[in-house]
């Protein structure tokens, strides 16, 4: 599996995991392959509707100075099977 396939799988897994929560602004933060080449570690960032803090109109009037809080998930993808592994960590940053 190449890096683009692993990232796409991680994004699908994230969308499935948070189905119904309307996550937005999903973006790749970091990706690496473990030393043995068996597991991809992929960090994805995203926002949730309640993390935005203000309406789009208020944000536009603020000249974009206010940034939405982002959540981050570290997702492990098996290189051999492409499956998401249960080992998953939360990284809460702002």
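Every number here is computed from the coordinates shown, using simple stated rules; none is lab data. Quick caveat, the model's predicted, so the values are computed rather than measured. Note: ideal-geometry Cβ built from the backbone for every residue, glycine included; neighbour counts use all protein chains shown.
The slack between residue 69 and residue 12, meaning 0.36 nm per residue of separation minus the straight C-alpha distance, is 18.3 nm.
If a/c stays under 1.5 just call it rounded; otherwise compare a/b with b/c (prolate if a/b is bigger, oblate if not). Do that for the range 3-42, with a ≥ b ≥ c from the square roots of the Cα gyration tensor eigenvalues. Since a/c reaches 1.5 and a/b is larger than b/c, the shape of the range 3-42 is classed as prolate. On full extension, the segment bounded by residue 48 and residue 2 gains 13.7 nm, given 0.36 nm per residue less the C-alpha separation. Put in line by how crowded their Cβ is, counting other Cβ atoms within 10 Å and starting with the fewest, 12, 70 read 12, 70. Taking other C-beta atoms within 10 angstrom as a stand-in for reagent exposure, 69, 4 fall in the order 4, 69, fewest first.
One chain, two ends: residue 79 and residue 34. Fully extended at 0.36 nm per residue, the span grows by 15.2 nm beyond their Cα-Cα distance.
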